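K.L.:
Shown below is the structure under consideration.
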Amino acid sequence: MDYVIVYLAVALFILLIACINFMNLSTARSSLRSMEVGLRKVMGADKGILIRQFMGESFVMTLFSMVLAIILVYLFLPTFSDFTDKSLSLNFIDNPEYLLGVVGLIAFVGLISGSYPALFLSGFEPAKVLKGAFKAGKGHENFRSLLVIGQFAISVILIVAVLVVVRQLNYMQSKDLGFQKEDIVVLPTSARINENYLILKDRLENHPGIQEVSLSSRVPSGRLLDSQGTTAEVNGELTQLNVRIADIHVAHNFLDTYGIPLKAGRNFDFQRASDSTEAFILNEEAIRAIGWSSPEEAIGKQFLYGDRRGFVTGVMQDFHFESLHQPIVPIVFMISQNRNNQVSIKIDAAQREEVLAYLEGEWAQLRPDYPFEPLFVDEGFNRQYEAEAKVKTIFTFFSVLAILISILGLLGLVTFATEQRTREIGIRKVLGAETVNILVLLGKDFLKLVAIGFLIAIPVSWFGMSSWLEDFAYKTGISWTTFLWAGLIAGIIAAATVTSQTLKAAWSNPVKSIRNE
């Protein structure tokens, strides 16, 4: 639901950029309609009539845009449904609230985008317009500048969001989890497999592409949902602990299969019969939670877990059993034969396809009632980050769309500004101004607005993405280089847009420009 809210907010941001463009271009090109307004006022039209006219134009444009949008939604909704793994539909008959939403959106967008241009255009004084003395006030110019700043601030915020999501996703997928997650295949066991585990283990490990076979109740990338009451020897006394310690039931060689290193003590020993009923291996986080000062101190201490009583024989290094959304929690490993439901098989990567084909044949005999659906542990972790991967894809698309809309708006404003200053540019060139001087003259004001938008976007994007990163127990943080890259991307695109139009004006024939004026 959080991501639905985020997507809705981003969509509204992009809609706001489009409304800003409409307001900017409508007011920037106001001189083209000033004569129309002046004549209508002279003929008796009051301000209310003109406001209704211009608002009506805005609503008509919004209506046609909505019709086009609905057509595009119908075309792309199946693709988007596949992408999100959701069954989405736009059925107005079964969902009349959709129609209410569409009508409300048309009213909202038409009102937001059309209100200021309508008030602006209807406020022209007919005497000044008909004399050719009309000029937009400084307040209107400042408001238009604020709109440009706003749309580029939104664009930079979206670029920062993409960069942060990409960095966090790469961090999660590349972080050392504290064990060897690559090339381990997980398959579901059965009562028959558990009963004949040692025979199956020897048979599978005889294959040259299989290195280790082990059992467990859960495997890394799963959730740690099992726990029982715990009592431990602390300061020479058995103390009931108010600490949740998650339990994993494993076979003797589970740590070897996953390459989990020990910090103190020893691994489970198949030759010691007592290990099957009395040995416990805890992680470092469990040692800290219990109150032992070091892994070495924990070795040999009495430990009661559920209905099992024994001793701590080993302390393993902390590792990420769950995804990086979750912090490392206290864990205890113990030997069990009847609670294991997963078999982990470490294979040789060079013989992957051959081993999978071999395992499929074996499982057809061992579990004919169950389809062969192997899970690789590293893929299991990556699946937990599918939501973030989709956020990255959608944010990238939204950012490109927002930048494109901002560029179109800036392009329109720059084009109109150069048209309004054609005579000035021609005179400056006749008096010896170079192309660079013209570029600076026309471009500095627009690029200044983009720079201000970037400065506004920094704290807003930092706050928003910091809040998003709070969902992760382990995160990269937001580097200053992220803002630098976002600023460079937005700045280069804006500079290229401004330059493309100002160069056209700077390279025009000054004599022709002055004659046209």
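K.L.:
Accessible area per residue of segment 378-482 at 1.4 Å probe, in Å²? Mind showing how you got there, number by number?
P.N.:
Numbers: 5420 Å² over 105 residues.
Here the per-residue accessible area is 52 Å².
K.L.:
Give me the log10 of I(q) over I(0) for segment 187-326 at q = 0.12, 0.22 Å⁻¹, as the Debye formula computes it from C-alpha points; what are the numbers?
P.N.:
-0.53, -1.54
K.L.:
Could you give the length gained by full extension between ASP226 and SER500, i.e. 0.36 nm per residue of separation minus their alpha carbon distance, to one decimal place?
P.N.:
Details: separation 274, 0.36 × 274 = 98.64 nm, distance 6.36 nm.
Length gained between ASP226 and SER500: 92.3 nm.
K.L.:
Below 8 Å, C-alpha to C-alpha, sequence gap of six or more: please give me the relative contact order for segment 228-297 in percent.
P.N.:
On the way: 50 pairs, mean separation 19.2, N = 70.
That works out to 27 percent.
K.L.:
Amide H neighbours of THR239 under 5 Å, at least 5 residues apart or on other chains, H built in the peptide plane: list them.
P.N.:
Residues meeting the criterion, in which the H sits 1.01 Å from N, are ALA232, GLU233, VAL234.
K.L.:
Length gain on complete extension for the stretch ARG421 to ARG339, per 0.36 nm per residue less the alpha carbon to alpha carbon distance?
P.N.:
Numbers: separation 82, 0.36 × 82 = 29.52 nm, distance 8.15 nm.
In short, 21.4 nm is gained.
K.L.:
Rounded to the nearest 10 Å², what accessible area does ILE5 show when all protein chains are kept and the probe is 1.4 Å?
P.N.:
Counting only protein heavy atoms, the figure is 100 Å².
K.L.:
Averaged per residue, what accessible area in Å² does segment 266-369 show with a 1.4 Å probe, protein chains only? Don't skip to the end; give the middle numbers.
P.N.:
On the way: 4570 Å² over 104 residues.
I get 44 Å² per residue for segment 266-369.
K.L.:
I would also like to ask the following. What are the GluC sites (Glu not before Pro) within segment 361-441 that DSSP puts in a loop, where the Cβ has at most 11 other Cβ atoms within 10 Å? Kindly include the intermediate steps, with their values, before the conclusion.
P.N.:
Values: sites: GLU362, GLU379, GLU386, GLU388, GLU419, GLU424, GLU434; in loops: GLU434.
Filter output for segment 361-441: GLU434.
K.L.:
How high is the relative contact order of the chain? Use alpha-carbon pairs under 8 Å, at least six apart in sequence, and give a whole percent.
P.N.:
21
K.L.:
Hey, another quick one. Taking R0 as 56 Å, what's the FRET efficiency between ASN142 and GLN317 from their Cβ-Cβ distance, rounded to 0.05? Display every interim value, and only then the final one.
P.N.:
Working: r = 61 Å, r/R0 = 1.10.
According to the calculation, E is roughly 0.35.
K.L.:
Quick one: which residues, 5+ away or cross-chain, put their amide H under 5 Å from the amide H of MET316? H built at 1.01 Å from N.
P.N.:
LYS263, LEU282, ASN283, GLU284
K.L.:
About the Cα centre of the chain, how large is the charge dipole given +1 on each Lys and Arg Cβ and -1 on each Asp and Glu Cβ? Please answer in debye to the nearest 20.
P.N.:
Working: 45 positive and 50 negative charges, 789 e Å.
Value, rounded to 20: 3800 debye.
K.L.:
With n ≥ 4 as the cut-off for DSSP H runs, can you work out [θ] at 222 nm for the chain, using -39500 (n - 2.57) per run divided by the number of residues, rounded to the nearest 500? Mind dumping the intermediate values first?
P.N.:
Details: 19 runs with 316 residues, N = 517.
Calculated from helices alone, the mean residue ellipticity at 222 nm is -20500 deg cm²/dmol.
K.L.:
Testing the spin-label approximation: label points 7 Å from Cα along Cα→Cβ at ALA273 and TYR474. State their distance in nm.
P.N.:
4.1
K.L.:
Another question about this same structure. Ignoring ligands and nucleic acids, what accessible area does ILE331 show with a 1.4 Å probe (Å², nearest 10)?
P.N.:
Rounded to the nearest 10, that gives 0 Å².
K.L.:
Sticking with this structure for a sec: Convex hull over the Cα atoms of segment 171-244, averaged projected area in nm²?
P.N.:
Details: hull surface 35.3 nm².
The number I arrive at for segment 171-244 is 8.8 nm².
K.L.:
While we're here: So between LEU488 and LYS86, what do we pick up on full extension, going 0.36 nm a residue minus the alpha carbon distance?
P.N.:
Full-extension gain reported as 141.1 nm.
K.L.:
Also, I was wondering about something else. Place +1 on the Cβ of every Lys and Arg and -1 on the Cβ of every Asp and Glu in segment 350-415, take the dipole about the Cα centre, and give the residue among THR396, LEU411, PRO371 whose Cα lies farthest towards its positive end.
P.N.:
Final value for the positive-end residue is LEU411.
K.L.:
Okay, next question. Quick one: if you stick a label point 7 Å off each Cα along the C-beta vector at ALA349 and GLN211, how many nm between them?
P.N.:
Placing both labels 7 Å along Cα→Cβ, they lie 1.0 nm apart.
K.L.:
Given a Förster radius of 51 Å and the C-beta distance between PHE108 and ARG288 as r, what FRET efficiency does 1/(1 + (r/R0)^6) yield to the nearest 0.05?
P.N.:
Numbers: r = 54 Å, r/R0 = 1.06.
Efficiency at R0 = 51 Å is approximately 0.40.
K.L.:
Now a separate question. Rounded to the nearest 10 Å², what accessible area does VAL243 show when all protein chains are kept and the probe is 1.4 Å?
P.N.:
Rounded to the nearest 10, the figure is 40 Å².
K.L.:
If you roll a 1.4 Å probe over the chain with all protein chains in place, what percent of the accessible area is carbon or sulfur? If you can, show how the numbers build up before the last one.
P.N.:
Numbers: 15920 of 26230 Å².
Carbon plus sulfur share of accessible area: 61 percent.
K.L.:
Could you sort ASP176, ASP275, ASP471 by their accessible area in this structure, using a 1.4 Å probe and putting the largest first? Don't jump to the answer; show the numbers that get you there.
P.N.:
On the way: ASP176 115, ASP275 5, ASP471 85 Å².
The ranking, largest first, comes out as ASP176, ASP471, ASP275.
K.L.:
How far is helix 96-122 tilted off the main Cα axis of the chain, in degrees rounded to 10, range 0 to 90?
P.N.:
The angle comes out at about 40 degrees.
K.L.:
Taking Cα atoms, how many degrees apart are the long axis of helix 386-420 and the longest axis of the chain, rounded to 10 and kept between 0 and 90?
P.N.:
Value to nearest ten degrees: 10.
K.L.:
Please give the Cα centre distance for segment 451-500 versus segment 316-335, rounded to the nearest Å.
P.N.:
Centre-to-centre (Cα) distance: 34 Å.
The values are calculated or read from the model by the stated rules, or taken from the named source; none is laboratory data. Since this is a predicted model, take the numbers as computed values, not measurements. Here Cβ is always computed from backbone atoms with ideal geometry, including for glycine, and neighbour counts include all displayed protein chains. Calculation scope for accessible area: heavy atoms of the full protein, side chains included, ligands and nucleic acids excluded. Shrake-Rupley method; radii C 1.70, N 1.55, O 1.52, S 1.80 Å.
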